[in-house]
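The values are calculated or read from the model by the stated rules, or taken from the named source; none is laboratory data. Since the model is a prediction, treat every value here as computed from it, not as a measurement. For neighbour counting, all protein chains shown are included, and Cβ atoms are generated from backbone atoms with ideal geometry for every residue, glycine included.
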Amino acid sequence: MRGRAARIASTTFMIIMTALWVTPILFALYVALRPIAETNRDGYVSLPHRLTLQNFADAWTQSDMWRFFLNSVYVTVPAVVVTLLLASMVAYVVSRVGFRFNIALLILFTAGNLLPPQVIITPLYRIYLALGLYNSYAGLIVINISFQLGFCVFVLSNFMKTLPTEMDEAALLDGASLWTRYWRLTMPLCRPALAALATLLTTWIYNDFFWAITLISTGDRRPITSALANLQGQFVANQNLIAAAALIAATPTLVVYVLLQKQFIAGLSLGSSKG
């Protein structure tokens with residue numbers, strides 16, 4: 001009876017949490033499909049008389065979202081690739097190569113995640129101006145790599161520690177170099193973890209808004225999250241149009257998750273079962 005009650009309670013809890021998670025998305029879709037005139041007349045919480053896709057078409061054309069999509073691609077793809085490459089290198093040294101300062105190095109990279117970005121915005125702004133990185137794609141790529149690197153090192157190092165050390169020992173006896181053991185032996189086994197991190201990094205960097213409005217001053221260089229601000233009027237805002245634009249902006253992250261869903265779940269399950 002206790003086991004049955006626990007299953008019922010857990011199932012009920014998951015249903016409630018799922019409903020709370022999905023409700024805002026469904027409401028945003030409902031608002032995006034309603035004409036603004038009907039919403040102004042009847043309010044947001046009312047039965048619709050008709051649904052239309054015009055808000056999605058207007059959001060795409062009025063805010064030049066295609067340009068901001070490309071800006072997000074220019075920033076997100078290099079940032080994700082470089083972050084995973086650098087994090088995997090550090091994680092391999094920390095977890096698979098024995099030396100005196102490996103734990104201190106891991107703590108150093110992990111401690112970087114504890115620093116709020118708002119604290120360093122003033123000195124970072126001055127450094128970017130001095131180095132010529134302000135208002136550039138390279139500046140956004142560098143700062144995203146810096147802030148995501150510590151988390152990826154922590155996750156990958158823990159995952160690599162679960163791999164058998166006998167593989168490295170056998171490869172070392174066969175004369176394999178450090179790079180060969182890292183690139184050809186360890187990295188293929190880390191594909192689930194890399195896919196999980198790639199999904200998370202794509203979502204975080206793509207949806208970044210703080211660094212985009214802080215380090216980019218030119219409107220046509222800002223990523224997709226900043227494009228939503230172009231639809232916000234000074235005194236009146238078309239929330240139906242903004243809801244449609246937000247759903248369009250969220251589509252690429254959903255596509256990435258669907259494509260990497262199996263690898264993402266495998267990476268999480270392997271980390272939990274072997275950790």
| said: Kindly evaluate residue 160 against the criterion of being farther than 20 Å from residue 256 by Cβ, of a type in the set (A, V, I, L, M, F, W, C) and touching a Leu at 6+ places or on another chain (Cβ under 7 Å). | reply: no
| task | Could you list all residues from region 58-74 that are part of a helix (DSSP H, G or I), of a type outside the set (Phe, Trp, Tyr) and either at pLDDT below 90 or touching a His at 6+ places or on another chain (Cβ under 6 Å) (or both)? | result | 58, 59, 61, 62, 65, 67
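This table checks each residue for (1) assigned to a loop (DSSP other than H, G, I, E, B); (2) modelled with pLDDT of 90 or more.
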| residue | (1), (2) |
| --- | --- |
| 5 | no, no |
| 12 | no, yes |
| 19 | no, yes |
| 28 | no, yes |
| 34 | yes, yes |
| 44 | yes, no |
| 52 | yes, yes |
| field | Residue selected from region 234-262 under the condition among the hydroxyl-bearing types (Ser, Thr, Tyr) and touching a Phe, Trp or Tyr at 6+ places or on another chain (Cβ under 9 Å), by the criterion modelled with the lowest pLDDT | value | 257
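Condition check ((1) aliphatic (A, V, I, L, M); (2) touching a residue at least 60 places away in the same chain (Cβ under 8 Å)) across all residues:
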{"residue": "88", "(1), (2)": "no, yes"}
{"residue": "91", "(1), (2)": "yes, yes"}
{"residue": "97", "(1), (2)": "yes, yes"}
{"residue": "103", "(1), (2)": "yes, no"}
{"residue": "107", "(1), (2)": "yes, no"}
{"residue": "113", "(1), (2)": "no, no"}
{"residue": "129", "(1), (2)": "yes, no"}
{"residue": "135", "(1), (2)": "no, yes"}
{"residue": "150", "(1), (2)": "no, no"}
| field | Any hit, region 203-223, residues being among the polar types (S, T, N, Q) and under 17 Å from residue 246 (Cβ atoms) | value | yes
| task | Search region 162-191 for residues being farther than 16 Å from residue 95 by Cα and basic (Lys, Arg), and hand back the single one that is farthest from the chain's Cα centre (by Cα). | result | 184
| query | Where in region 126-208 are there helices (runs of 4 or more DSSP H), lying wholly inside it, with at least 3 residues that are crowded, with 16+ Cβ neighbours inside 10 Å and hydrophobic (A, V, I, L, M, F, W, C)? | reply | 137-161, 191-206
| Can you name every residue in region 113-125 that is loosely packed, with under 12 Cβ neighbours inside 10 Å and assigned to a helix (DSSP H, G or I)? | 114, 118, 119, 122, 123
| field | Single residue of 37, 32 found to be surrounded by fewer than 10 Cβ atoms within 10 Å (Cβ to Cβ) and farther than 28 Å from residue 197 by Cα | value | 37
